[in-house]
Amino acid sequence: MTDAEALELIALYANNALTSFTIYITFTFGFLVTAFVVGAKLTRFQAFVVSTLYLISVGSAALSLIVDMQVWVAIKESTPTLIDELPLTNGTFWLTYMCIVLIGGILVSLYFLWDIRQGHKLTS
């Protein structure tokens, strides 16, 4: 594979990863808005269903993002390119960082719904 082909594939998979992250953020924002607006009124079963749908949705987006990142990292590591020396293209850093962000966001979002359902009021 030529340098140009590798860079094009890396850009393609990086773009796919960003799209998956955008979907993750969209699902998370929708879940947080739902939790804030109606969370206290949901029955236990309804909260379970909403949380399960949220986990399935963001889980799919998160896995897609991680797979896309793994592919561009594999391409980058198998083919020497112009970006090899750039420190911010370190695949290990990005995979670790995004896993922390994704899992942290999911846990905080689920806690937010739980907190709203416990009757804790947000103060300003």
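What residue among Leu63, Leu86, Leu42 has the largest mean-square fluctuation in a Gaussian network model of the chain, using Cα springs under 10 Å? In this elastic network of the chain, the residue with the biggest mean-square fluctuation among Leu63, Leu86, Leu42 is Leu86. Mean separation of Cα pairs under 8 Å and 6 or more residues apart, divided by the residue count, gives the chain a relative contact order of 44 percent. Debye calculation, C-alpha points only, no solvent: report log10 I(q)/I(0) for region 1-74 at q = 0.15, 0.18, 0.22, 0.24 Å⁻¹, in the same order as the q values. Those come out to -0.59, -0.72, -0.89, -0.98, one per q. Across the chain, Cα-Cα pairs more than 20 Å apart make up 51 percent of the total. In region 54-73, which residues have a backbone nitrogen under 20 Å from the label point lying 7 Å from Ile100's Cα in the Cα-to-Cβ direction? What the label zone holds, given the 20 Å backbone N cut-off, is 62-63, 65-67, 69-70, 73. Sequentially through region 44-59, phi angles give Karplus couplings (6.51, -1.76, 1.60; θ = phi - 60°) of 4, 5, 4, 5, 5, 5, 4, 5, 5, 4, 4, 4, 5, 5, 6, x Hz, Gly and Pro residues having no value and appearing as x. Shape annotation for region 71-114: C-alpha extents along the principal axes are 48, 18, 10 Å, from largest to smallest. Here the Karplus relation 6.51 cos²θ - 1.76 cosθ + 1.60, evaluated at θ = phi - 60°, turns the backbone of region 15-30 into coupling constants of 5, 4, 5, 5, 5, 4, 5, 4, 5, 4, 5, 4, 4, 5, 4, x Hz, with x for every Gly and Pro.
How much length, in nm to one decimal, is gained on full extension between Val33 and Leu107, taken as 0.36 nm per residue of separation minus their Cα-Cα distance? Can you show the working numbers first?
Working: separation 74, 0.36 × 74 = 26.64 nm, distance 1.56 nm.
This chain segment gains 25.1 nm when fully extended.
Using R0 = 35 Å, the C-beta based FRET efficiency linking Phe93 and Gln118 works out to 0.40.
Each reported figure results from applying straightforward, stated rules to the coordinates on display, with no laboratory input. All of these numbers come straight from a predicted model, not from anything done at the bench. Here the Cβ is made from the backbone with ideal geometry for all residues, glycine too, and neighbour counts use every protein chain on show.
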